[in-house]
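Below: one structure, written as structure tokens.
Values in this text are rule-based calculations from the coordinates and carry no lab data. Note that the structure is a prediction, hence the values are computed from the model and not measured. A quick note on method: Cβ atoms are made from the backbone with ideal geometry, for glycine too, and the neighbour counts reach across all protein chains shown.
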Amino acid sequence: MVIIKLYGGYDIDKLKCIGKGIHGSVYILDSKRCIKIFKKMEFYEKELETLKMVQRDAHFPKLFDWGDKFIVREYIDGIELDKYLRKNPLTTNISLKIIDLYDGIVKAEFSRHDTMLFHIFITQDSTLRMIDTARVMKEAYSCPKLLLKGLKNLGYREDFLNHVKLLRPELYETWGYTF
Ligand SMILES: Nc1ncnc2c1ncn2[C@@H]1O[C@H](COP(=O)(O)OP(=O)(O)O)[C@@H](O)[C@H]1O
Ligand SMILES: [Mg+2]
């Protein structure tokens, strides 16, 4: 018996897998779109709801289509920020872009003002995009501890905090009580 896995008309057996995470697998559809198939309804709903909240902010992928545990969203052609920072320095400009993304997260009213470095993609034109929003409502806090931990592992925690102090002293003060 041949079982064809169709998700809203998309036959994933014919598509190239570009990533697997804890919640699902992602397949490329074309140069602009990819499809994420979720294992659990709960995370499908969480990701759909949070992606809808940020459709007016270019830091996040565009939403094209969704259905039974799948979401078609914008394919981001770039590399993970942790990989990038292993070969390139953390400049003030990159820190500024991380802060811009942080501001986008706060503005979106996500409750967790944070993300992992590998969920941030840097594109050819040095734009930062956050690809995975499934867990942004799971906890509530403002100091981006996961982000700071990722930067610490790369030896950039102090540099980044110095940039924040310089660029956004009031933000540094707020975070200062928790890091
Ligand atoms: N929009 C996207 N553009 C490019 N690559 C993506 C995109 N979404 C996911 N990926 C790739 O697929 C992997 C798994 O996707 P992700 O959304 O993080 O799944 P999970 O929620 O299961 O962790 C990512 O780490 C990334 O490498
Ligand atoms: Mg992920």
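Identify the residues of region 46-86 with backbone N under 12 Å of a label point that sits 7 angstrom from the Cα of residue 100 along the Cα-to-Cβ direction, or state none.
Only 58-60 fall inside the zone, counting backbone N under 12 Å.
To the nearest 20 debye, what is the magnitude of the charge dipole of region 6-74 about its Cα centre, counting +1 on the Cβ of each Lys and Arg and -1 on the Cβ of each Asp and Glu?
180
Using +1 at the C-beta of Lys and Arg and -1 at the C-beta of Asp and Glu, which of 66, 55, 88 has the Cα lying farthest in the positive direction of the dipole of the chain?
It is 88.
Quick one: compute the contact order of the chain, relative version, from alpha carbon pairs under 8 angstrom and 6+ residues apart, as a percent.
18 percent.
Per DSSP H run of n ≥ 4, the term is -39500 (n - 2.57); total these for the chain, divide by its residue number, and report the mean residue ellipticity at 222 nm rounded to 500 deg cm²/dmol.
About -10500 deg cm²/dmol.
Mind putting a number on the dipole of the chain about its Cα centre? Charges go on the C-beta only, +1 for Lys and Arg and -1 for Asp and Glu, and I need it in Debye to the nearest 20.
Value, rounded to 20: 420 debye.
Can you tell me how much longer the chain between residue 13 and residue 25 gets when fully stretched, taken as 0.36 nm per residue apart minus their C-alpha distance, in nm with one decimal?
3.1 nm
Which residues does a label at residue 64 reach in region 7-27, if reach means a backbone N under 16 Å from a point 7 Å past the Cα toward the Cβ?
7-19, 26-27
Scaled to the compact-protein estimate 2.2 N^0.38 Å, what is the alpha-carbon radius of gyration of region 78-176, rounded to two decimal places?
Against the empirical 2.2 N^0.38 Å value, I get 0.99 for region 78-176.
Spin-label point model (7 Å from Cα, Cβ direction): what's the residue 111 to residue 141 distance in nm?
So the two model labels end up 1.4 nm from each other.
Need one number: the % of Cα-Cα pairs in the chain sitting beyond the 22 Å mark.
The proportion of pairs with Cα distances above 22 Å equals 47 percent.
Compare the Cα positions of 128, 172, 19 along the charge dipole of the chain (+1 at Cβ of Lys, Arg; -1 at Cβ of Asp, Glu; about the Cα centre) and return the one farthest towards the positive end.
Of 128, 172, 19, it is 19.
Under 29 Å from the Cα of residue 145, which lysines turn up, not counting those fewer than eight places away in the same chain?
Excluding near neighbours in sequence, the set is 20, 36, 39, 40, 46, 52, 62, 83, 87, 97, 107, 165.
Between residue 87 and residue 174, what is the label-point separation in nm under the 7 Å Cα-to-beta-carbon projection?
Using points 7 Å along Cα→Cβ, the separation is 3.5 nm.
Suppose the Debye formula is applied to equal point scatterers at every Cα of region 6-74; what is log10 I(q)/I(0) at q = 0.13 Å⁻¹?
Taking Cα atoms of region 6-74 as identical point scatterers yields -0.32.
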